[in-house]
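The values are calculated or read from the model by the stated rules, or taken from the named source; none is laboratory data. Just so we're clear, the structure is a prediction, and the values are computed from it rather than from any experiment. Glycine also receives a Cβ, built like all others from the backbone with ideal geometry; neighbour counts cover every protein chain displayed.
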There are 2 protein chains.
Amino acid sequence: MPLPIITIGRSFGSGGRLIGKKVATLLNIPIYDRELVEMTAERSGFHHAVVEQMQQNRPVSLLYTLSTSALDVPLQDQVYFAQAKVIRELAEKGPCVFVGRCADSILEESHKVLEVFIHAPLEMRAERAEKVYKLQAKNFKDLVKKKDKARKAYYDYFTHRTWGKSDHYHLCINSAIGIDLAVDLIVRAAREMAEEE
Amino acid sequence: MPLPIITIGRSFGSGGRLIGKKVATLLNIPIYDRELVEMTAERSGFHHAVVEQMQQNRPVSLLYTLSTSALDVPLQDQVYFAQAKVIRELAEKGPCVFVGRCADSILEESHKVLEVFIHAPLEMRAERAEKVYKLQAKNFKDLVKKKDKARKAYYDYFTHRTWGKSDHYHLCINSAIGIDLAVDLIVRAAREMAEEE
């Protein structure tokens, strides 16, 4: 059996993207993360800045939704559905890694998926945001919390799930155990799933 | 470095205890689960049935607590503290596996601990309750949910954490990926943690 598709959700600053890259390299399969923005832009005709922006914002308020007519689909929803289509098409091509973008929920019914969530203690993530991502902020813990809040709001709005809730994933890993160990566990689980059937 | 102490929290029917046993066998370290009831009974003087019962009940209501004098320690708390003492003493002896009993929270400050949580889809757990544990129930899904509710209430009451919330653990594993794969990932993580320092 082929490898499963691997989806990696991650709290901000947990190193989830780096883990995804290393997993993809070791398994020799493609990884889609920010590339999806460009692909979605190309397919949908939306400017890539709009696609990017729509994913960083919390979903529009109910008030705004109610103020639009029932036939209007909010821009954020349009971008989401365009990206979901791109994700489904890529998944059809074969095993790969998706980082974020609700790919776990989008693919759960149609594909064999290993669903992973990466998290880490707040202090570690704040330090990573400052020193590895080299972001600017007055308070890095607040920045990390704000980013998490937006991710959770986006994910919970577009899926029937709760972001980061262990029940929804096959593996939740605290990257404090080590980036390479996290990579190793995911690779092992993926290979085992491929051998199983 | 020695192996870490491994704590395994688990939703009811997820196979967490079996996974714990297999991990302990592979690593050749002791496992403490129901044995703790007997040990706590011996040390504290409580009858083992009382110890058992106190852990299966949801914590006493606030109303009951308020009705007792400030100097009275509720029986459930007394049993908890007696068992926590036993857990700390056993942890001092060396690497081992603890299943449940809030051992993760009890040991987090004092020991090197690999904190694991095992869960599984409701359907799978209901089937396990019926066919593997051979329990009696009208509705096995309801039984599993009720048991989970009691575990969560007990854990949340005695720790500063939320039962099953991925943030609190190093590894959360859905045992639907396979009992032996779950065992393998835990063993691997434990060995890696031992090599690290």
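Just a few scattered comments:
- Scope the range B:166-175; condition facing another protein chain (nearest Cβ under 7 Å) and either farther than 28 Å from A:ASP148 by Cβ or crowded, with 17+ Cβ neighbours inside 10 Å (or both); matching residues: B:SER166, B:TYR169, B:HIS170, B:LEU171, B:CYS172, B:ILE173, B:ASN174
- Listed here are the helices (runs of 4 or more DSSP H) enclosed by the range A:7-57 that have at least 2 residues being at pLDDT 95 or above: A:16-27.
- Which listed residue, of B:LEU114, B:LEU181, is under 30 Å from B:LYS93 (Cα atoms), at the interface with chain A (Cβ under 9 Å from one of its Cβ atoms), in contact with a helix residue (DSSP H, G or I) (Cβ under 8 Å, 6 or more places away or on another chain) and assigned to a helix (DSSP H, G or I): B:LEU181
- Failed item in (1) part of a loop (DSSP other than H, G, I, E, B); (2) without any contact (Cβ under 8 Å) to a residue 40 or more places away in the chain; (3) within 11 Å of chain A (Cβ to nearest Cβ); (4) of a type outside the set (Val, Ile, Thr), with B:ARG188 passing the rest: (1)
- Put simply, of B:ALA182, B:ALA194 the only residue that is in contact with a strand residue (DSSP E or B) (Cβ under 6 Å, 6 or more places away or on another chain) and of a type in the set (A, V, I, L, M, F, W, C) is B:ALA182.
- Restricting attention to the range B:71-92, the residues that are without any contact (Cβ under 8 Å) to a residue 40 or more places away in the chain and either of a type in the set (Val, Ile, Thr) or more than 13 Å from B:SER44 (Cα to Cα) (or both) add up to 8.
- Verdict on B:TYR133 being surrounded by fewer than 16 Cβ atoms within 10 Å (Cβ to Cβ), more than 13 Å from every other protein chain (Cβ to nearest Cβ) and under 30 Å from A:MET193 (Cα atoms): yes
- Number of the condition not met by A:TRP163 [criteria: (1) within 9 Å of chain B (Cβ to nearest Cβ); (2) within 15 Å of the chain's Cα centre (by Cα)]: (1)
- Hits in the range A:58-94 - residues which are at pLDDT below 65, of a type outside the set (Gly, Ala, Ser), outside any helix (DSSP H, G or I) and surrounded by fewer than 13 Cβ atoms within 10 Å (Cβ to Cβ): A:THR68, A:LEU71
- Subset tally (residues that are part of a helix (DSSP H, G or I) and farther than 27 Å from A:GLU196 by Cα) for the range B:154-178: 7
Table: residues versus (1) surrounded by 23 or more Cβ atoms within 10 Å (Cβ to Cβ); (2) more than 28 Å from A:ARG188 (Cα to Cα); (3) more than 12 Å from chain A (Cβ to nearest Cβ); (4) modelled with pLDDT of 90 or more.
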{"site": "B:PRO121", "(1), (2), (3), (4)": "no, no, no, yes"}
{"site": "B:LEU143", "(1), (2), (3), (4)": "no, yes, yes, yes"}
{"site": "B:LYS147", "(1), (2), (3), (4)": "no, yes, yes, yes"}
{"site": "B:ALA153", "(1), (2), (3), (4)": "no, yes, yes, no"}
{"site": "B:GLU197", "(1), (2), (3), (4)": "no, no, no, no"}
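- Reported count of residues in the range A:117-153, each being in contact with a strand residue (DSSP E or B) (Cβ under 8 Å, 6 or more places away or on another chain) and either without any contact (Cβ under 8 Å) to a residue 60 or more places away in the chain or part of a helix (DSSP H, G or I) (or both), is 1.
- Positions within the range A:22-34 being surrounded by fewer than 17 Cβ atoms within 10 Å (Cβ to Cβ) and touching a residue at least 60 places away in the same chain (Cβ under 8 Å), in sequence order: A:LEU26, A:PRO30
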